[in-house]
Amino acid sequence: MAFIIFLACTAAVALITYYLSGKTKETAEGYFLGGRSLTAGVIAGSLLLTNLSTEQIVGLNGQAFTEGILVMCWETLAAIAMVITALFLLPRYLKGGITTVPQFLETRYDTMTKTIATGLFLSGYVVILLPIVLYSGSLAIVTMFDVPEVLGLSHTAALWLCVWAIGIIGTVYAVFGGLKSVAVSDSINAIGLLIGGIMIPFFGLSYIGDGSIMTGISNLYHSAPERFNSIGGPDASVPFSTIFTGMMLVQLFYWGTNQAIIQRALAAKNLKEGQKGLLLAAFFKILGPLILVIPGMIAYYIFKDEITVADQAYPMLVKTVLPVALVGFFAAVLFGAILSSFNSALNSSVTLFGLDIYKEHINKDADEQTVVRVGKIFGVGLAFAAMFIAPFIAKAPNGLFGYLQEINGCYSIPILTIIIVGYLTKYVPAIAAKVAIILGSVLYFISQFILKPHVFGDDNYLHFLHVMAILFVMNVIIMLVIGMVKPRKVAFELPYTEQVDITPYRFVKPVGLAIVIIVVLMYAYFS
């Protein structure tokens, strides 16, 4: 019965998506940006589903199992970054009419700067994001729903099966449907994920409260009140001090410049809808700990003496507290979250390759249909490569996933640096951007993967978020100095392409301020 419900829910999403997005024109703008037609609700839903994946659902709850509520910073501070993006970055993106973030870098600096940034983005997606999403998602499905036992397969065979199922369906959405099909399916799945995600703490609190949610809350708090402190100490995975350094930089890069995320807002029909979509998503992000932190704390209450691997906490909680009749629905919801992260990253990779590599360096005279067709071929090849690589991650050494997360800093902060400086200054030249992006990547790699493990030792070294902040400030200074020594001959002025109306949402500032105040109050309450 659970499997039938799972298939029915998944098929329903596919049919609705095909109906709603099937008429998008096969032009570069129609394919890559959904015809610049997305409204606030679709943008918010797609942002949330693109962000939510098994990495967070399982991983962040695993951290909450170990450390308590302090890991909520990964969710709540994202809301502030989205407010900054809505106020500062999105108006500039839409004014310039860009399709990809590297396109702005070409306008502001030069083609080589754009190409370097595109290469870094694609490297991150191909080597890190796509295989990891496939592997971690498949592992969650296999573990949560006993796929080997149900289908009579070995664990390895079941893992391969799930990897290819997710990969093929994600490829169909992303490569053959374009951004609009990705965004529509994300929005539908977002509703299911919110319902399904909230069900877990609801049933979990009821379980530990003998049928009463309020009793469950009381039992959870009084069993370990120290775990409700949002202020992380120096030995925590996220010390409180990092909130004021690298944490906000990471959040701003992710929500403001990461192509897989910001592409949803770039596809807005106008600035007003884009800003409303970002603010709506920010509001729901504040509620994120209910889905991504509280279940891990409930799991600690129930399984603290049984679980030795923290990432087992969420799957075990689901099996324990969720009624059998709802397992199929939750499987479909989880599958949608996994699928969303995969197809969103794949669609963004196709976009970056088609517009910033093929059109720019391989075939400058290619028409829009050719660019889309070549992008699709590249996407299919990329997807199959990820599907072949993903299962072998199981053979990697322990801690590989954490290692891959940390290595993202090699490109995230350098790219953020040159974008911020590019918008805030008029005379910093292209050479400054190239120096900053290359130097920032190299120095971060040396810091984290040579000095930290081989010279100082992990326990005697700065937290990687602090390192990011130091390198960000250093790169900004270097760019400003180069700008003073060798400035541009002509001041940069951002052109208005009139692709969309850039009249802002009239309540963007008060709503944004309200979101920031709510986040601050949450920290005050749980401190």
When you go through ASN219, ASN229 one by one, which is the residue that is under 14 Å from ILE298 (Cα atoms), surrounded by fewer than 19 Cβ atoms within 10 Å (Cβ to Cβ) and touching a residue at least 24 places away in the same chain (Cβ under 8 Å)? ASN219
When you scan the range 50-90, how many residues do you find that are more than 12 Å from the chain's Cα centre (by Cα), small (Gly, Ala, Ser) and under 27 Å from PHE104 (Cβ atoms)? 3
Taking the condition among the β-branched types (Val, Ile, Thr), modelled with pLDDT under 90 and within 30 Å of ILE502 (Cβ to Cβ), does THR171 pass? no
I'd like the full set of residues that are among the charged types (D, E, K, R) and more than 15 Å from LEU266 (Cβ to Cβ), limited to the range 482-502. LYS486, ARG488, LYS489, GLU493, GLU498
Flag for VAL126 being surrounded by fewer than 24 Cβ atoms within 10 Å (Cβ to Cβ) and either farther than 17 Å from ASN408 by Cβ or of a type in the set (Phe, Trp, Tyr) (or both): no
Looking at the range 25-93, what helices (runs of 4 or more DSSP H) fall wholly within it and have at least 3 residues that are modelled with pLDDT under 90 and of a type in the set (Val, Ile, Thr)? 40-51
Any residue at all in the range 283-302 that's touching a residue at least 24 places away in the same chain (Cβ under 8 Å), farther than 26 Å from THR417 by Cβ and among the charged types (D, E, K, R)? no
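The values are calculated or read from the model by the stated rules, or taken from the named source; none is laboratory data. Predicted model only: the values in this text are computed from it and were never measured. Cβ atoms come from the backbone with ideal geometry, glycine included; neighbour counts cover every protein chain shown.
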